[in-house]
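Reviewing the structure listed below.
The values are calculated or read from the model by the stated rules, or taken from the named source; none is laboratory data. In this text the structure is predicted, and so the values were computed from the model without any measurement. Cβ sites come from the backbone with ideal geometry, for glycine too, and all protein chains shown count toward neighbours.
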Amino acid sequence: MTAFEPRRAVIVGGSLGGLLTAATLRAAGWQVDVFETSPNQLESRGGGVVLQPDVLDALQFAGIELPNPPGVASGDRIYLDRDDRRVEELYMPQMQTSWSLLYRAMKNALPAQHLHAGETFVNFRSDGERVTALFESGRTEEADLLVGADGIRSTLRSRLLPEIVPVYAGYVAWRGLVDEAGLPSHAADMLRERFSFQQGDGHSALSYLIPGENDSTVAGQRRWNWVWYRKYSREQLDQLLIDRHGVARPFSLPPGSTKWADVLQLRQDAKLMMGPTFRALVDATEDPFMQPIVDLRSPKMVFCRAVLLGDAASVPRPHTAGSTAKAASNAHTLALALLAAQRSGETIDSALKHWEGQQLQRGKLMTEMGMSLGNRLMNIAR
């Protein structure tokens, strides 16, 4: 390769982490191709995202513009009790957006010919300064860098560190989205423009507004995003993960897959455990979805020319509101490290080593904070 030829990266995983990495590496002058297992759009996945500075910094570096405004602002944080009394209130302004808004903005900014859906990564070969990604279809892709941004159940991590697997934390996050106009006025008036919480004995809920259909932030066209953390035993979780078609899901229940009996039970539990406002959110949600809370942290992120990034490397619990921000930081700092190496004559391998040390420490601090917050919130002794 001559000094004038751009380096090439192959990214496994077409969700937020993979798209962030592609966008920032392209801004650093790399050629990038993204490979995603799912043949379909991922826009329906996820719900609300607290828009952190790390995400905005990465998008600015990549030259990706978000809609204006990029989400829905909240001012006060309120804590409700079982009778909807405000037991605590403080001013903490922030911006909440939707997973789908970020996904669409990044996906639309990348050339379509470099996004490859329906390609399942299975393994790789490494040969000095080159690495070759192998796909189930028989396709092979050679590059200077292979990035595993394929999430909690990362195939690349399973090849590199088969002993590092997600560990169930003892509780799950039930989630739901409700059109703004679909919530009764008594609940909407309590929640509007606020980041709201209700905490009970071993359970906790939160809610805020996010952009609605077509990323609209116009009042009346937005969506309520809610999360309810609930304890379940491993045996109970295994039963919940059997979807409405009788299929045992390996990890989570996406929208439209929860058994109707479990939806009914969730609503009955809300009547017993939640105040009127949060109960109204659960009742108004047609298809609640669920994700078990897990802990995972890889001891390494760099393996010669293969690297782990985002949730493939470490998973902060959602109480940190930091999973997307951590992926953005991983991607942005990786691009900056490689760009600086190119300009200074430093080798890629040396740049990756320095990047790994910084990002491992960030992942360690975030995962430890998430475990501490979650265990305290859910009354789990560790």
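Filtered by the rule that a residue be exposed (fewer than 15 other Cβ atoms within 10 Å of the Cβ) and touching a helix residue (DSSP H, G or I) at 6+ places or on another chain (Cβ under 9 Å), the stretch 203-243 gives 219, 220, 239.
Of all positions in the stretch 261-281, none carries a residue that is surrounded by fewer than 18 Cβ atoms within 10 Å (Cβ to Cβ), within 30 Å of residue 106 (Cα to Cα) and either out of contact with any helix residue (DSSP H, G or I) (no Cβ under 6 Å at 6 or more places or on another chain) or among the charged types (D, E, K, R) (or both). Residue under question is residue 105, and the condition is that it be surrounded by fewer than 21 Cβ atoms within 10 Å (Cβ to Cβ) and small (Gly, Ala, Ser); does it hold? Yes.
Look at the stretch 75-93 and say how many of its residues are part of a strand (DSSP E or B) and either surrounded by fewer than 15 Cβ atoms within 10 Å (Cβ to Cβ) or in the same structural domain as residue 107 (by TED's automatic domain parsing) (or both).
Number of matching residues: 10.
When you look at residue 310, is it modelled with pLDDT under 95 and either in contact with a Ser or Thr (Cβ under 9 Å, 6 or more places away or on another chain) or of a type in the set (S, T, N, Q) (or both), yes or no? So residue 310 does not fit the description; no. So which residues in the stretch 1-40 are over 19 Å from residue 100 (Cβ atoms), charged (D, E, K, R) and either assigned to a loop (DSSP other than H, G, I, E, B) or within 21 Å of the chain's Cα centre (by Cα) (or both)? Of everything in the stretch 1-40, those that are over 19 Å from residue 100 (Cβ atoms), charged (D, E, K, R) and either assigned to a loop (DSSP other than H, G, I, E, B) or within 21 Å of the chain's Cα centre (by Cα) (or both) turn out to be 5, 7, 33.
Residue count for the stretch 307-322, restricted to those that are touching a Leu at 6+ places or on another chain (Cβ under 9 Å) and surrounded by fewer than 22 Cβ atoms within 10 Å (Cβ to Cβ): 1.
Which residues, counting only those in the stretch 207-255, are among the hydroxyl-bearing types (Ser, Thr, Tyr) and farther than 16 Å from residue 285 by Cβ? The answer is 216, 217, 232, 233, 252. Answer yes or no as to whether residue 209 is in a strand (DSSP E or B) and in contact with a Phe, Trp or Tyr (Cβ under 9 Å, 6 or more places away or on another chain). Spelling it out, residue 209 is indeed in a strand (DSSP E or B) and in contact with a Phe, Trp or Tyr (Cβ under 9 Å, 6 or more places away or on another chain). Within the stretch 66-84, residues that are free of Cβ contacts under 8 Å to residues at least 40 places away in the same chain have Cβ atoms under 6 Å from residues that are hydroxyl-bearing (Ser, Thr, Tyr) and in a strand (DSSP E or B) in these pairs: 70/97, counting only partners at least 6 apart in sequence or on another chain.
Pick from 296, 339, 352: which is in contact (Cβ under 8 Å) with a residue 24 or more places away in the chain, part of a strand (DSSP E or B) and not β-branched (Val, Ile, Thr)?
Step by step, each of 296, 339, 352 is checked, and only 296 is in contact (Cβ under 8 Å) with a residue 24 or more places away in the chain, part of a strand (DSSP E or B) and not β-branched (Val, Ile, Thr).
Is it true that residue 193 is under 30 Å from residue 241 (Cβ atoms), of a type in the set (D, E, K, R), surrounded by fewer than 20 Cβ atoms within 10 Å (Cβ to Cβ) and within 26 Å of the chain's Cα centre (by Cα)? Judged against the criteria, residue 193 is not a match.
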